[in-house]
Amino acid sequence: MLSHSGLPTPETLSSNKKHNKPPELLSLKSNSLNSVLLPSNHPRTCLLLAILSLQVILLLTLRSLPFPRHHFAPPFDAAASVPIAIEKTDQCCSGRVFVYDLPGALNREILASCDNLNPWSSRCDALSNQGFGQRATALSGLVPENLVPAWYWTDQFVSEVIFHNRIMNHKCRVMEPESATAFYIPFYVGLAVGKYLWSNTSTAKDRDHHCEVMLKWLHDQPYYQRSNGWDHFMTMGRITWDFRRSKDKDWGSSCIYLPGMRNITRLLIERNPWDYFDIGVPYPTGFHPRSDSDVVEWQSFVRNRNRNTLFSFAGATRGAIRNDFRGLLLSHCRNESDACRVVNCAGSRCSNGTSAILEGFLDSDFCLQPRGDSFTRRSIFDCMVAGSIPVFFWKRTAYFQYEWFLPSEPGSYSVYIDRNAVKNGTASVRQVLEKYSKEDVSKMREKVIEFIPKFLYAEPQEGLETVKDAFDIAIDGVFRRFKEQEEWGFKW
């Protein structure tokens, strides 16, 4: 054990005592110890016993004293130059992210042109408040009053803005690219291409323009050249199929198929399950908690909600689709009006949320979730945030989409019904759901409620205190993936 300068050690105290003994005692022969151990009233024996007793007491006392090592300067030792007092856990051991400063035309200017991002109306309201949209004051009276300020009419296609704002304030963001293990590309590709998707005059070149500009810029960056994109990632705020155009005459952009995009990890609200680089992340919902306590209070609210309807369905028919399954569910729901609640979303009634949707899900044990215009729909997460149990008819609607965010066992939080059995009349949605006991429903709802934080995007740009939301889960997952790629040499 190293001694501390300025403090006597038990050894030095013992040595000093020995040197200060009377000459008579120092001259004692070794075999005189036997006489000490025998009972005796000799004054020298008593003195020796007293000194030995004091040394033992002093030694035990010094050893029991709590001497904090950092109170004293360690001895000079070049091999032991690491401070022993500071032991701080590295909060970024899983990874560090560098955020590219892209040309303004690829994000800031797109956001500034919010009036022109939609052929029908302005998108400025939807993109306000850091991408959360307008405050949902109409929910007053439906949700706890102190939580109303945490609710917004959030658009389903704004994840690019939300992720950009959050990652700029991430605790593991670094300003020096050489110390980064991940590189984020804050490109608003979904907002950019959305302007052209429904335009009769747009060309394939229009729909690809912004992505081509981004890739040209990215190819000149040394850290992209070093990894060929394997440690780069971005958010694409629409479904993956909007970026997978194969022919010029087809729908959408060909961004994902452009040279240079192949190895970049992509966060999307709907992924291609067979593409390793696509990661499904939750659709943004309207609830953006301001603190851990907001999350806990909301979980308690939906847990204790009195639900008087067996199941609900929020949606509209798709007249252009042959044998439209959503139309079939709407008819079924209307025919079972004593057990099912319908929220008619025809037209644009439910485009950015309505109190009727939330109220319907809050009042129902189950919520029907057929596929939307694609395999997924935002309603999945609106339903679960309200504590309602989702009922799926396609496995690709959720099970193959959001592995990082949903329970690993589908039956623990959801119901799957074969859509073909519903179509041919061999299965009744109501009869299937009525077979679940109250205990089953309670257990499944509790699993949904447990996972609610993973479906949310918190309001503070630095995140919540201890609760990890969807953004945190996504970034942790990207860090983990990049680390595994390096450790396993998993690249091609």
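Figures for the structure shown
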read-out	value
F163 being assigned to a loop (DSSP other than H, G, I, E, B) and buried (at least 19 other Cβ atoms within 10 Å of the Cβ)	no
Exclusive hit being part of a helix (DSSP H, G or I) and open to solvent by 20 Å² or more (accessible area, probe 1.4 Å), set L111, L147	L111
For Y402: the one exception among (1) in a loop (DSSP other than H, G, I, E, B); (2) surrounded by fewer than 16 Cβ atoms within 10 Å (Cβ to Cβ)	(2)
Any hit, region 81-104, residues being in contact with a His (Cβ under 9 Å, 6 or more places away or on another chain), at pLDDT below 60 and more than 30 Å from C172 (Cα to Cα)	no
When residues of region 294-311 are limited to those that are of a type in the set (D, E, K, R) and closer than 30 Å to E465 by Cα, the one most open to solvent (accessible area, probe 1.4 Å)	R303
Matching residues, region 129-140, being touching a helix residue (DSSP H, G or I) at 6+ places or on another chain (Cβ under 9 Å) and open to solvent by 30 Å² or more (accessible area, probe 1.4 Å)	Q130, R135, T137, A138, S140
Residue check for K216: assigned to a loop (DSSP other than H, G, I, E, B) and assigned by the TED database to the domain that holds L111	no
Matching option when the condition is hydrophobic (A, V, I, L, M, F, W, C) and under 30 Å from D294 (Cα atoms), among V193, V143	V143
Test: S179 is in the same structural domain as A474 (by the TED database), more than 30 Å from K483 (Cα to Cα) and of a type in the set (S, T, Y)	no
Residue count for region 353-383, restricted to those that are open to solvent by less than 20 Å² (accessible area, probe 1.4 Å) and among the acidic types (D, E)	1
Verdict on L464 being of a type in the set (A, V, I, L, M), farther than 30 Å from N323 by Cβ and either open to solvent by 60 Å² or more (accessible area, probe 1.4 Å) or part of a loop (DSSP other than H, G, I, E, B) (or both)	yes
Test: S408 is of a type in the set (S, T, N, Q), open to solvent by less than 30 Å² (accessible area, probe 1.4 Å) and either assigned to a helix (DSSP H, G or I) or under 25 Å from G477 (Cβ atoms) (or both)	no
Where I269 falls short, out of the listed (1) surrounded by fewer than 24 Cβ atoms within 10 Å (Cβ to Cβ); (2) among the hydrophobic types (A, V, I, L, M, F, W, C); (3) within 26 Å of E403 (Cα to Cα)	(1)
Selection count, region 176-223, where residues are open to solvent by 70 Å² or more (accessible area, probe 1.4 Å), touching a Leu at 6+ places or on another chain (Cβ under 7 Å) and of a type outside the set (D, E)	1
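The values are calculated or read from the model by the stated rules, or taken from the named source; none is laboratory data. Remember, predicted model here, so these are calculated numbers, not experimental data. Note that we place each Cβ from the backbone using ideal geometry, even for glycine, and neighbour counts take in every protein chain shown. Side chains are part of the model used for accessible areas, which takes the heavy atoms of the whole protein and leaves out ligands, DNA and RNA. Shrake-Rupley method; radii C 1.70, N 1.55, O 1.52, S 1.80 Å.
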